[in-house]
Structures are given as structure tokens and as C-alpha cells.
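**Student:** Here it is, the structure, as C-alpha cells.
Every number here is computed from the coordinates shown, using simple stated rules; none is lab data. All of these numbers come straight from a predicted model, not from anything done at the bench. All Cβ positions, even for glycine, are placed from backbone atoms using ideal geometry, and neighbour counts span all protein chains on display.
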Amino acid sequence: MNLMHNPTRQELRPTILIVDDTPDNIMLLSRLLKDRYNTKVANNGNTALQIAAATPSLDLILLDVMMPGLDGYETCRQLKANPVTAEIPVIFLTAKNQVEDEAMGLSLGAVDYIAKPISPPILFARVATQLNLRAARRELQDHNQNLEKLVQERTAQLYLMQEAIIVAMASMAETRDQETGNHIRRTQNYVRALARHLQSHPRFAAELTDEAIDALYRSAPLHDIGKVGIPDRILLKPGNLDREEFEIMKMHAVYGRDTIMLVERHIGGSNSFLMFAREIAHSHQEKWDGSGYPQNLAGEQIPLSARLMAVADVYDALISKRVYKPAFTHEQALDVMRKGRGSHFDPEVLDAFFEIEPEFARIAIAFADEGD
């Protein structure tokens, strides 16, 4: 059974509200308009306001000016002040035909002014013009809404595609390590949790907007993308690296930065996502006291994005099993992290970490590697 309702010709016709305190005027206007339009009538301003607010399909109001009680000017003022009725076009009908009278009506939001006695050809032409404009505005509004919805859908698709590419690129580097598993998932969630907690901190609030935190979350998986340039004999070495090998390993920060810069050059610019990815890849191994690499940056010379990643990356390395060490417990990791305050880590960033360390533990469990 077809339950769809096909609107009748009557239902498709525009609806006009006629407002006049004189019955003869209402009768005349209704008779002139009834063959072309659906009509509603009101004999005072208050009734007109009620009908307009209760009729979503109302297309036009023909409004007398001189009425007892609520006159046409005040009725129009209240119609335009109500968001429900503000967009309904109003044409004033009146015997007051001075320029200042027309100016008053138009200043209140009316779209036209027709002098009495009514000339049917003028009435039909003015009404048709305003109804055509009303229909065009609605069509444009519907088009814009559909376009906005389409843009949102395409943006969401691009976002998911970008995220998939990011994870694939990051995994390409991480899987060569053969030990990191869900490391990229854990670290990006650590970074977001830490950034959200610092969002209310006066020192970081301006930099950690919602948009910035979203970009940080998406760029964090690329922090070790430079490992693709490190030889397997060093990257996969089961024991400690010697000095020469460590110098080569340190180059992964430079390789990561250069990879992101290559993307920026290719697209002819940058954005917050690529900027954070470049900062994190290049500087997440820097230390607060200047003893890190590759540039020996110190303090706030180190980008905030990299300082956040440093905390996330070290914590995850501590709680993860490596060929050269067992996995630390959460409490053991906290002890090690605490010793790095002011030397390895930005003190206030680390303090924030300790304020939400149970959340780090929950993230570690949620994205634990198989077998842990």
C-alpha cells in the first residue's frame, strides 16, 4: 500500500493572510485572490500575529495600517521581531499615501506599500512579485542547505581517508620496529588527553584550541615516520646501540621533518595538521634542559606539540615490552617520569600528566598490544 501523500493543487498554492478591520475590505481582497491563492483572514493585529505564528506555510501578509488597538505598524514590528514570522513578507495596504508613511512602513521591514482604494492589476502584480521572490529565496535556502550537507559529507569522507592514510604511513614506519604494536594509537590518545587537560591552563589555553587539539590528535601518529630512513641493522638491533649507531638513529627526527616538508612543498603551503606533524616528528626527542636531539633545543624553544609528545612517547616506551627490557608497570613508569621533571620534560606539562595519569593507564589498557 502506498502511504505517500501527493499534495493537491490547492495545497501547492501560496497562502496569503489578509489583515483588515473592515469586513468589506476583507471580502473584496478575498474575492480578488481566492482563484489564485489560499487565503486566511484576521480583523485585528493580535489575531494576525497568532495566525502567522501558527501557520508555517504562510507566504505573504497583506496588512492594513489603520486599525484600532494594534495598528499595522506595530503588528509589522512584532512580526519582524519574532524569529518564527520574521521572514514572511509584508505588504501594507492603506489610504495613507504620504512619502513619510511609506518610509515608515518600509523601515519596519515591509516589502511594499499599496495605496487604497485597491487597484486589482496593481494588487495582482505586487503580490505575484513578492511571492516569486519568496519562492526564489526558499529555493536558494534549500540549495544552500543541500550544498552545506554535501560539503559536510565530503569533508567527513576526506577526514576518514586522511586518517586512514596517516595511520598507514605511520604503521609503515612502526611495523619495521616489530615491537610497537598499537603504540601510535596509544600515543595519539595520550596527546589528546594531555592537551585537553591543559586547555584551561593560562599558559597553554590560547594555543590549545579545539581545532588545534584535533590537529594534534591526527598528526601524532607521524612522530616516528622518519624511521623509514633508518637501516634495519640499527632499527632492529636487539641490544643497545653504540655511539655511531645512535647518531644514525637520531637522524629519524630529521628524516621525519623532511618528509612532512616535502608534502608541504608539494601542496604549496601548510596547515595546522602538517605544521604539528612536522614539529612533532622533528622535536619530540628534544629535552627541556637542552640535552635532547636533533637541535639541542631547550625550554620553550621546543614546540608545545613536541613537548606533549615527549611525555606520551616516553610513558608508552616505559610500559611497553622491548627486546632490551621488560614492560614497566604503570607505577614504575610514573617513578621514572617523575625524575624527568625539569630535565627531560616541561615541568607544567608533566604536572598535568600526573593529574590525569589514571586516564593514561586506561588508554594503555584500551589499546594494549596482543598478549599484554
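**Student:** For region 188-317, what is the charge dipole size about the Cα centre, in debye to the nearest 20, if Lys and Arg each add +1 at the Cβ and Asp and Glu each add -1 at the Cβ?
**Tutor:** Computed about the Cα centre, the dipole is about 80 debye.
**Student:** Taking square-rooted eigenvalues a ≥ b ≥ c of the alpha carbon gyration tensor, is region 9-141 rounded, prolate or oblate, where a/c under 1.5 means rounded and, failing that, a/b exceeding b/c means prolate?
**Tutor:** Rounded, because the longest to shortest axis ratio a/c is under 1.5.
**Student:** Still on this structure: How do 241-249, 206-214, 224-232, 66-74 rank on mean C-beta neighbours within 10 Å, highest first?
**Tutor:** 224-232, 66-74, 206-214, 241-249
**Student:** Is the C-alpha gyration tensor of the chain telling us rounded, prolate or oblate? Criteria: a/c under 1.5 is rounded; beyond that, a/b larger than b/c is prolate, otherwise oblate.
**Tutor:** prolate
**Student:** Once you charge only the Cβ atoms, +1 for Lys and Arg and -1 for Asp and Glu, what is the size of the charge dipole of region 9-141 about its Cα centre, to the nearest 20 debye?
**Tutor:** The dipole magnitude comes to about 480 debye.
**Student:** With +1 on each Lys and Arg Cβ and -1 on each Asp and Glu Cβ, how big is the dipole of the chain about its Cα centre, in debye rounded to the nearest 20?
**Tutor:** Dipole about the Cα centre, nearest 20: 780 debye.
**Student:** Mind running the shape call on region 151-366? Use the C-alpha gyration tensor, a ≥ b ≥ c as the square roots of the eigenvalues: rounded below 1.5 for a/c, prolate if a/b tops b/c, oblate otherwise.
**Tutor:** Judged from the Cα gyration tensor, region 151-366 comes out rounded (a/c under 1.5).
**Student:** Set Lys and Arg Cβ to +1 and Asp and Glu Cβ to -1, take the dipole of the chain about its Cα centre, and tell me which of 12, 208, 281 lies farthest positive.
**Tutor:** 12
**Student:** Next up: Highest mean first, how do 23-33, 51-61 rank when packing is the count of other Cβ atoms within 10 Å averaged over residues?
**Tutor:** Ranking, from highest mean packing down: 51-61, 23-33.
**Student:** Still on this structure, please answer the following. Please count, across the chain, the pairs of lysine residues with Cα atoms under 18 Å apart that sit 8 or more places apart or on different chains.
**Tutor:** 8
**Student:** Take each complete run of DSSP H in the chain, measure how far its Cα atoms stretch along the helix's own axis, and keep only those covering 27 Å or more with mean Kyte-Doolittle hydropathy at least -1.0; list them.
**Tutor:** Helix filter hits for the chain: 120-177.
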